[in-house]
Each structure stands twice: as C-alpha cells, then as structure tokens.
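Chemist: Below you will find the structure I want to go over with you.
None of the figures in this text is laboratory data; all of them are computed from the coordinates on show. The model shown is predicted, which means the values in this text are computed figures rather than measured ones. When we count neighbours, we look across all protein chains shown, and the Cβ atoms used for this are built from the backbone with ideal geometry, even at glycine.
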Amino acid sequence: MTEESNSRLTCLSLAYRNETAPEILTEMARTEKDDEDICCAIAGNINTPVDTLKYLVGWRATQDDGDDPYVKVSREVINNPTLPISVLEELLDCYINTGWFDLLSEFSQLSRLNVKMIEKLIEKSYPVFWLIDHHIVQDSPELLDKIVHFSWEKSIHLKVLNNNLVSISTIEYLARSPESAVRNAVIAHPNVSRKALDIVLFMQGKLGTPISVLKQLVGDKRSDIVYLLTLYPGTTAEILESIVNLPYFNNFVERYKYRLDSKDVIKNIIQHPNISSNLLKRLMIISHEIYPPGDYTRIITSDLIRKKLSAISKLSSDRLENLSPITKNEDLRYSQSNLYQPTPEDEIPF
C-alpha cells in the first residue's frame, strides 16, 4: 500500500471518529476538500464545528447545476444532528430558490423539521409523500389541510383520511375528488359531515345536492368541479351565471382555443336545460369566436337552443329533484349502498 493510500485511510478514519478534535476536522475539510468521501465523513461527524459544516454544504447551488458533487456532502450536513435549526432554515430557503430537488427530498425526511419548514416544503409542492408521515403533520389538522390542497396524489389523500384528527372542512374538500377510492374513504371517515356526503353524491351525478352546496362548489378552482357543475341536472340558472362570471372563466376559452382542455365547458352550459335566455345569448357570442363554423351551427340549431331562445320551456330544480325518489328519502340517500361507489378509479361518473 502506498504512502498516499495510507494517508487517505488515516484521514478517513479521523473524519469518521467522533473523538477527533474539532480543529483537526476543520483543517481536513480545507485540505481534503476535493475528496468527497472524506468530506462526507466530516459532514456527518457530530464533533464538526458549525462553521465547518456551513463551509462544506452546497451553498454554491445558486451558481452550480444539479450535478454538483457536493450533493452527497450536503446531504450529510443536513442530517448532522448538531446543525442548528437556523442554519437548516437558511439551507431550505437556498434549495427552494434554486429548485435543488435531491436535497429538498432529503429535507422532507428530516425528523427535526419544524412547522415553518414543513409549510414551505408543502407550499412549494416538494415531496409530501415523506412529509405526510412526519409526527408534526400527523398531529396538525392545519398541516394536513395544507397538504391536500397542494397535492393531487391519491395515496396522500388516503393517508390524510386515515387520520381521525383531519378537519371537517378538509374531508369536505376531499369529497370532491375525481377518484372513487378517495370518496369512499370520505364516507367511511368517523367525522364525515352531511355536506361531505352531499358532495360525494354530487360527484356521482345523483340528484338532490342542496343548492347551497352547489353554490359553494362554484368557487372550487379545480376544472373538474366546474365541468361537473355544467353537466349536473340540478345546477340552477343562477349557478350557471356564476360560473360564467368567474374571474378565471376566460381561461376555459383560452384552453379551448389551443386545445389544452378537452372539457367543453361552454357547450355544456349552452346545452344545459336550466340556462337562461340572456346567458344563452351571451354565450352564443363567445362560442361563435371559439367554435369552427360547422360545430357552432350544430350547437345553435339544436332543439333545446331554439326552445331557449323563444323562452318556451324551462325545467326547475324542483322538477328535476322529483325525478329521483331516492333524493326524498334520507335513509336511502345516505345509506352506504347508495354512497359507496365500486367503480374504476379516475372515472368521471356523468
């Protein structure tokens, strides 16, 4: 074995030993800065001074790319239990600003995270499949709610619903999930509200959802909810008007123009049995701008449109509810057999 090899093995041994003097670790961090293995050992040593840990960590992420060799060293620093929380918070801000995913994933798995750091990770949509199991998150209805609003993953939503501390408002939000497995978990939750059950039934296309609940759903910015409202027979003329008046409604027009959204919200509203004549005329102008001539002609010449323009007929929500006797029988309406939906995942029910 060469003298150089012996020297490196000695450095590695010293770097790993928690009995090594802090000043020796600091000196080695400077002299062996190009040896990743030695730097990793120093970074994980509980005897390494804080200033040395800060020297080793990948602050240079603001200039370097994701292939920086200090990712491994930084990972050891982050996991060093002697690193002050204040430094961890600074590092987190640095990595969020630069989008250093590898190290943000490492952050998500730290047991030493505080609420402030967890909130930042959630809001930036970085890996929550580790955060969801964190003891602080599991004990906080507020953080559980934040997670479901910043994550679309079914597995995360099911884990949240497996927690009895989850708030009623969070359960009601998850009742709007397009996935039947999540909605079934909602109806099985011990704290499920009547409103959540009504939303589940709405997602299944079953009549009888109170108008007050439908009005609240209009404010949901998930396009699936708006789409379903435009198909739901019990949606009133007032609610259809509210959808068109949404600040982000024009986004539907833009997405349609560039074929970024396959859900034809405007056509659904135009062909809805409860649309008012005034709204119909307004949407015909919009649809003239976005539909090809042939499609536009087919839409405005349908029997329903002609009836609307002449104001011959209009179904009321009361008449629609009467079409389904189960909506009048609460024992049947809220029974497990009526609520539970054994359908394939990701399937829009109507």
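Chemist: Show the residues, 5+ positions off or on another chain, whose built amide H is closer than 5 Å to the amide H of GLN341.
Modeler: none
Chemist: Under the Karplus relation 6.51 cos²θ - 1.76 cosθ + 1.60, θ = phi - 60°, what is the ordered set of whole-Hz ³J(HN,Hα) values for region 218-223, x standing for Gly and Pro?
Modeler: 4, x, 6, 7, 6, 4
Chemist: Testing the spin-label approximation: label points 7 Å from Cα along Cα→Cβ at SER212 and GLN336. State their distance in nm.
Modeler: Computed distance between label sites SER212 and GLN336 equals 2.9 nm.
Chemist: For region 179-211, list residues with backbone N below 12 Å from a point placed 7 Å from the Cα of LEU165 toward its Cβ?
Modeler: Under cut-off, by backbone N: nothing.
Chemist: For a 30 Å ceiling on Cα separation, which of these pairs sit above it: LYS154/LYS281; LYS72/LYS124; LYS72/LYS221; LYS124/LYS267; LYS159/LYS267; LYS206/LYS267?
Modeler: Distance filter (> 30 Å) returns LYS154/LYS281; LYS72/LYS221; LYS124/LYS267; LYS159/LYS267.
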